[in-house]
Amino acid sequence: MLRSFTDQQRVWALADLSRKLGLARPTTLRLLGALEREGMVQRTIPATSYRLGPRAIQLGALAQRSNELPIAARAQLEDLARRTGETASLEVLTDHEIMVLAEVRGRFRGSASERVGARWPAHAAATGKVLLAAALKEDGETWERFVASARRFPRYTEHTITTLSRFRAALAQVTRDDYAVAVEELERGYVAIGAPVRDYDGRVVAALCLGGPATRLSTARLPALIRRVREAAKRVSQQLGNPDS
């Protein structure tokens, strides 16, 4: 129920939430009441809908402070943004989406700004490819969950991969290269580079991303930027105790 509250749907009416969850209204109301008493949700004014409550906000902030990934990545994100002028972010996989854990905005005018907690479709994102390539190779359960939750591959531009067979082929290339590039797959005029972050056990636990307009992340500039992103991701991996980085 709590996961139903997203950036796209921050407020839910009882009837709509009941339909989404496939629960009877009395059951939904009872569960919302329990969450409301704990401060996890609160009613809007007038009291016709529900939004996340103060306790959920506190827990979200605590989770972010407790997560070692953003702490380990912060210096490298800042360095990457400073050296390239583009926005650098740290992202993880959540079913069929990637979620931004941390970001540092670039200095160039028009640099993208990734909100912490923002989510994007994994199949159209460079970091999504990195994380799903690792899942396909190392974590069958995560891969199957992605396939089940994605159901289909929405087209965002003429460059978006929209079939599972083509996506698996793209992931095979990512595995060989150990990085991914998404050129106008999520948004026209936008290019992103992703590289894996590995923990002490060698597992891919996150991905570093550098993104910006295609006019600046040009074909000529991409090799140097890819090298910087991969180097930064390896340094973050070292912070997490990965011996091979």
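For region 186-221, a tally of residues being crowded, with 16+ Cβ neighbours inside 10 Å and either in contact with a strand residue (DSSP E or B) (Cβ under 7 Å, 6 or more places away or on another chain) or farther than 20 Å from Leu93 by Cα (or both) returns 23. Of everything in region 222-245 that is small (Gly, Ala, Ser) and in a loop (DSSP other than H, G, I, E, B), the residue that is surrounded by the fewest Cβ atoms within 10 Å (Cβ to Cβ) is Gly241. Among residues of region 79-95 that are in the same structural domain as Leu208 (by TED's automatic domain parsing), those with a beta-carbon under 6 Å from a residue that is hydroxyl-bearing (Ser, Thr, Tyr) and surrounded by 23 or more Cβ atoms within 10 Å (Cβ to Cβ) at least six positions away or on a different chain give the pairs Glu91/Thr127.
The values are calculated or read from the model by the stated rules, or taken from the named source; none is laboratory data. Bear in mind the structure is a predicted one, so any value in this text is a computation, not a measurement. Note: ideal-geometry Cβ built from the backbone for every residue, glycine included; neighbour counts use all protein chains shown.
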